[in-house]
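Since the structure comes first, as structure tokens, the remarks are kept for the end.
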Amino acid sequence: MKLLCLSNGHGEDAIAVRILKELQQRPNAPKIAALPIVGEGQAYTELGIPLIAPTRKMPSGGFIYMDGRHLWRDLRSGLLQLLWWQFRAVQAWKQQGGTILAVGDIVPLLLAWLSGAPYAFVGTAKSEYYLRDEAGPLPRKSQMQRREGWSGSVYLPWERWLMSRKRCKAVFPRDSLTSEMLQKWSIPAFDLGNPMMDDLEPESPRAVFYSSDAEKVEQARSLTITLLPGSRAPEAYANWQQILPALTGVMEGFRDRTVLFLGAIAPVLSLDPLRSALEAEGWRLQSPQLEESQLPINDPTASVFTQGKSTLILTQRAFGDCLQQGDFAIAMAGTATEQFVGLGKPAIAIPGKGPQFTPAFAEAQTRLLGPSLILAKQPREVAEIVRSLLRDPDRLQLIADNGRRRMGKPGGADRIADCLMEKLLE
């Protein structure tokens with residue numbers, strides 16, 4: 001048995017790897033290879049999964065559909081040649097008798113169909129929640145939004161056609177609502193959960209953080225806010241500049257409390273621009289570092305900054321800790337925001353300039369995540385949003401229930417691996 005995994009983005013790579021890890025543990029596990037259509041496939045290589053074709057990081061980071069200028073930059077960087085190499089590699093895989101798992105959107109799905117091999121599809125990009133919730137269709141605020149559901153589903157007819165072919169053995173939508181819709185078109189859709197919610201257990205048993213001053217006075221737990229600037233350079237660095245004024249507003253709005261900020265930074269990013277920006281805003285790097293026992297996360301390499309009563313920690317190793325310990329998130333990310341919301345917590349988004357996190361993307365994400373994601377027009381609005389949520393326990397409970405329902409229970413990767421073994425590989 002041979003399985004090739006196609007994916008098109010950093011978040012999609014991470015989801016694919018969760019499933020592949022589970023497959024590797026199965027008796028008679030298939031021989032696995034990967035082809036990241038966008039980016040360099042670091043998640044695969046770290047797992048020891050070989051890549052079957054050249055990879056290249058494109059200027060758009062995979063978001064060419066958001067702006068024609070990004071497509072032009074990618075074309076100038078060799079996009080067409082790269083796609084041709086990838087197509088030839090997929091064709092060769094089929095000739096060797098392999099099967100394909102496509103993870104992402106229509107691009108890997110189309111490539112899987114073009115290969116001529118049997119395939120399965122993990123749909124990470126689309127959800128019926130963009131168009132409706134359990135109560136019915138969402139109000140359309142613009143002409144473009146009114147056109148989105150013209151075919152009766154968030155998945156367009158040609159996407160449904162690709163999913164309904166005989167060679168498509170299984171489709172794994174991201175939520176129950178989408179699964180129910182696809183099943184109406186006789187698509188082999190299985191509602192097995194969203195792998196995004198796997199592997200988010202905290203790396204550290206420490207669940208609270210006290211500043212030295214607070215510990216002496218009243219042992220008051222810090223208000224903990226997770227910072228999610230995104231994973232793509234240079235956009236993440238620009239997003240960080242948007243987030244910093246929000247931190248100032250929170251510290252000014254909660255002078256009576258210690259505040260802990262946890263910056264969950266993707267390993268592919270450099271910390272230098274983030275540190276420089278913090279120091280320019282008055283944050284001071286702690287030297288020597290705090291002892292590991294004093295850190296609320298399990299990362300002795302983390303950078304610890306302080307300003308007044310507040311502490312800010314930058315980490316590239318303790319993503320699960322940052323999500324689990326945050327009371328709120330200031331989020332300018334895709335997958336990471338959804339994972340935070342899936343834990344039952346409120347996220348506050350600040351629209352950026354893209355290529356990913358634009359005002360249009362943020363608006364669409366609020367439809368996807370419903371009341372769990374609150375849109376702030378300006379960074380300084382974040383503090384008041386946090387304060388209003390803390391005053392409204394009923395709303396916080398609604399947010400908790402909503403996030404868990406929309407993102408599903410952990411264990412999706414394990415269940416999908418079982419289904420792949422049955423439907424595609426055996």
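Every number in this text was worked out from the coordinates using simple rules, so none of it is lab data. Source: prediction; values computed, not measured. For neighbour counting, all protein chains shown are included, and Cβ atoms are generated from backbone atoms with ideal geometry for every residue, glycine included.
Before moving on, here are some points about what is shown:
- Dipole magnitude of the chain about its Cα centre (Cβ charges: Lys, Arg +1; Asp, Glu -1), debye to nearest 20: 1480 debye
- In region 76-178, inverting the average of 1/r over every pair of distinct C-alpha atoms gives 15.3 Å as the Kirkwood radius.
- Rounded to the nearest 500, the 222 nm mean residue ellipticity of the chain from helices alone is -11500 deg cm²/dmol, with -39,500 (n - 2.57) taken per DSSP H run of at least 4 residues.
- Cross-link partners for Lys184 among the lysines, with Cα-Cα distance under 28 Å and sequence neighbours closer than 8 places in the same chain left out: Lys126, Lys141, Lys166, Lys169, Lys409, Lys423.
- Under the combined filter of DSSP loop state and at most 12 neighbouring Cβ atoms within 10 Å, region 111-173 retains these trypsin sites (Lys or Arg not before Pro): Lys141, Lys166.
- Here the label points at Trp185 and Ser151, each 7 Å from Cα along the C-beta direction, are separated by 0.5 nm in the simple model.
- A dipole drawn for region 304-373 from +1 and -1 charges on Cβ atoms has a positive end, and of Pro371, Ile348, Gln316 the residue lying farthest that way is Gln316.
- Listed residues Gln24, Thr99, Val386: farthest to the positive end of the dipole of the chain (Cβ charges): Thr99
- Restricting attention to the chain, close to 20% of DSSP beta bridges with both partner residues there are antiparallel.
- Of the trypsin sites (Lys or Arg not before Pro) found in region 325-426, the ones in coil according to DSSP and having at most 10 other Cβ atoms within 10 Å of their Cβ are Lys377, Arg391.
- The mean sequence distance of close C-alpha pairs (under 8 Å, at least 6 residues apart), as a share of the length of the chain, puts its relative contact order at 16 percent.
- Once you divide the Cα radius of gyration of region 120-173 by 2.2 N^0.38 Å, the number left is 1.27.
- Calculated over region 214-361, the projected area of the Cα convex hull averaged across directions stands at 8.7 nm².
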